[in-house]
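Visitor: Could you have a look at this structure, given as structure tokens, before my questions?
The values are calculated or read from the model by the stated rules, or taken from the named source; none is laboratory data. Keep in mind the model is a prediction, meaning the values are calculated, not measured. When we count neighbours, we look across all protein chains shown, and the Cβ atoms used for this are built from the backbone with ideal geometry, even at glycine.
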Amino acid sequence: MTSTTAPHWATEDGSDAFAGDHEQVVFCHDPASGLRAIIALHSTALGPGLGGTRFYPYASTAEALADALHLSRGMTYKNAVAGLEHGGGKAVIIGDPARDKTPELLRAYGRFVQSLGGRYVTACDVGTYVADMDVVAEESDFVTGRSEANGGAGDSSVLTALGVFQGMRAAAAHRWGSDSLAGRRVGIAGVGKVGHLLVGLLAEDGAEAVVTDVSEQALTRVRDEHPGVRVVGSTDELVGSDLDVYAPCALGGALTPDVVATLKAEIVCGAANNQLAEPQVADQLRERGITYAPDYLVNSGGVIQVADELHGFDFERARERTLKIFDATASVLAEADAEGVSPSVAADRLAERRIAAVAPSERLWLPTRGGRGSGRAGSHRA
């Protein structure tokens with residue numbers, strides 16, 4: 001079991017892929033289990049870095065590193081706008097989870113998480129599940145998203161969907177003067193763990209759902225649970241439909257310049273992470289008069305849940321905090337209009353203000369000498 005922590009390196013193709021604003025990046029390798037992973041800590045100014053573990057068959061180490069850097073930075077902003085006392089971190093395990101995931105590999109990964117002494121707290125992400133976090137937790141104290149049987153909160157999809165719904169209601173109130181989605185047509189691209197729950201919340205509110213997914217199994221489940229839902233054959237078809245709201249709930253990068261140019265919806269609000277394929281897409285949405293509820297703001301219900309788990313999970317406490325996504329979204333949209341900027345910029349500014357309020361000498365979170373407490377740089381010097 002070996003790890004490398006470095007402030008700068010070149011990738012295997014010789015190019016420099018390190019983002020200079022990251023605090024720490026750790027390469028993890030365990031030959032016995034075959035583990036190859038990267039843990040990226042973007043910032044611990046607000047507290048220990050919190051973010052999930054992605055298990056994915058990256059084509060190269062450079063690709064995995066780029067994803068870890070991008071995702072960890074996003075978690076800094078997500079945790080900040082959610083009002084959590086956590087910074088941003090993310091981990092990626094390189095491999096095919098269907099072929100390479102083993103208990104031995106997950107336990108080896110847990111030992112690397114433990115070695116950081118609480119600076120990084122992990123959870124589920126693409127390719128990892130509650131059962132996996134239970135195994136990781138056999139070797140680490142810094143794991144959330146565990147099963148209820150093992151002291152965790154279980155699946156975070158319920159609160160993620162609730163948060164997106166609250167953000168959508170706030171966007172509707174901002175756009176149309178009413179927070180009800182009754183009679184509105186909402187297009188949902190991706191009806192997996194979060195998307196199918198969002199369909200249910202919309203149905204209860206009287207909205208019409210139009211959905212698409214690459215998984216026939218996911219579509220069958222939605223049809224069985226909500227017979228009135230309309231299914232279309234592709235995301236392109238959905239985007240070109242007469243929609244009031246478009247909800248990307250699958251993979252990132254869903255909002256490309258071409259998609260925005262053809263989109264008929266007046267609001268975009270979905271659960272997918274990193275929806276903007278390019279930063280300038282946020283301005284394109286604004287120029288077209290489309291209200292965009294920033295993804296990392298509205299989909300923060302899941303991270304609110306796993307953060308609550310660290311304090312002894314209380315569903316109602318986490319739910320009440322998730323409901324406040326309505327107010328946070330309304331505030332961001334109002335500030336964006338007042339400042340003449342995109343909602344993405346307004347949300348970023350909110351996060352950056354929280355981080356800037358921390359004194360520079362206290363922006364590095366350190367564990368206590370025992371390795372399980374909390375502290376900041378300089379708080380426990382000899």
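Visitor: Restricting attention to region 30-40, which residues are out of contact with any Lys or Arg (no Cβ under 6 Å at 6 or more places or on another chain) and in a strand (DSSP E or B)?
Guide: If the condition is that a residue be out of contact with any Lys or Arg (no Cβ under 6 Å at 6 or more places or on another chain) and in a strand (DSSP E or B), then ASP30, LEU35, ARG36, ALA37, ILE38, ILE39 are the ones that fit.
Visitor: Of all the residues that make up region 169-191, how many are closer than 22 Å to GLY240 by Cβ and outside any helix (DSSP H, G or I)?
Guide: 10
Visitor: Filter region 72-90 down to the residues that are of a type in the set (Lys, Arg), farther than 14 Å from ASP125 by Cα and crowded, with 24+ Cβ neighbours inside 10 Å and list them by number.
Guide: LYS78
Visitor: Let me ask something else. What do you reckon, is GLY187 modelled with pLDDT of 95 or more, surrounded by 21 or more Cβ atoms within 10 Å (Cβ to Cβ), over 18 Å from ASN274 (Cβ atoms) and not aliphatic (A, V, I, L, M)?
Guide: Taking the combined requirement at face value, the residue satisfies it.
Visitor: Just name the residue that is nearest to SER300 (Cα to Cα) out of those in region 126-146 that are in contact with a strand residue (DSSP E or B) (Cβ under 8 Å, 6 or more places away or on another chain) and either surrounded by fewer than 21 Cβ atoms within 10 Å (Cβ to Cβ) or free of Cβ contacts under 8 Å to residues at least 12 places away in the same chain (or both).
Guide: Restricting attention to region 126-146, the residues satisfying the condition of being in contact with a strand residue (DSSP E or B) (Cβ under 8 Å, 6 or more places away or on another chain) are 126-128, 130, 132-133, 136-137, 140, 142-145.
With either surrounded by fewer than 21 Cβ atoms within 10 Å (Cβ to Cβ) or free of Cβ contacts under 8 Å to residues at least 12 places away in the same chain (or both) added as a condition, the list becomes 126-127, 130.
Details: VAL126: 16, GLY127: 19, VAL130: 18 Å.
Filtering region 126-146 for residues that are in contact with a strand residue (DSSP E or B) (Cβ under 8 Å, 6 or more places away or on another chain) and either surrounded by fewer than 21 Cβ atoms within 10 Å (Cβ to Cβ) or free of Cβ contacts under 8 Å to residues at least 12 places away in the same chain (or both), the one nearest to SER300 (Cα to Cα) comes out as VAL126.
Visitor: State which residue is farthest from ASP337 (Cα to Cα) when the search covers only region 268-304 and only residues that are in contact with a His (Cβ under 9 Å, 6 or more places away or on another chain) and surrounded by fewer than 24 Cβ atoms within 10 Å (Cβ to Cβ).
Guide: ASN274
Visitor: If you don't mind, there's one more thing I want to ask. Of the residues VAL194, VAL186, VAL164, only one is assigned by TED's automatic domain parsing to the domain that holds GLY312 and more than 19 Å from the chain's Cα centre (by Cα); which?
Guide: Details: VAL194 fails: more than 19 Å from the chain's Cα centre (by Cα); VAL164 fails: more than 19 Å from the chain's Cα centre (by Cα).
Of VAL194, VAL186, VAL164, the one residue that is assigned by TED's automatic domain parsing to the domain that holds GLY312 and more than 19 Å from the chain's Cα centre (by Cα) is VAL186.
Visitor: What is the one condition in (1) more than 30 Å from ASP155 (Cα to Cα); (2) part of a loop (DSSP other than H, G, I, E, B); (3) within 22 Å of the chain's Cα centre (by Cα) that GLY289 does not satisfy?
Guide: Result: GLY289 passes all but (3).
For (1) closer than 25 Å to ALA172 by Cβ; (2) assigned to a loop (DSSP other than H, G, I, E, B), each residue gets a yes or a no:
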{"position": "GLY312", "(1), (2)": "no, yes"}
{"position": "GLU320", "(1), (2)": "yes, no"}
{"position": "ALA330", "(1), (2)": "yes, no"}
{"position": "LEU333", "(1), (2)": "yes, no"}
{"position": "ALA336", "(1), (2)": "yes, no"}
{"position": "VAL341", "(1), (2)": "yes, yes"}
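Visitor: Being within 20 Å of ALA265 (Cα to Cα), in contact (Cβ under 8 Å) with a residue 12 or more places away in the chain and touching a helix residue (DSSP H, G or I) at 6+ places or on another chain (Cβ under 6 Å) is the requirement here; does VAL186 meet it?
Guide: yes
Visitor: Please verify whether region 240-260 includes one or more residues that are of a type in the set (Phe, Trp, Tyr), outside the structural domain of VAL143 (by TED's automatic domain parsing), within 30 Å of GLU85 (Cα to Cα) and surrounded by 14 or more Cβ atoms within 10 Å (Cβ to Cβ).
Guide: Taking every residue of region 240-260 in turn, none turns out to be of a type in the set (Phe, Trp, Tyr), outside the structural domain of VAL143 (by TED's automatic domain parsing), within 30 Å of GLU85 (Cα to Cα) and surrounded by 14 or more Cβ atoms within 10 Å (Cβ to Cβ).
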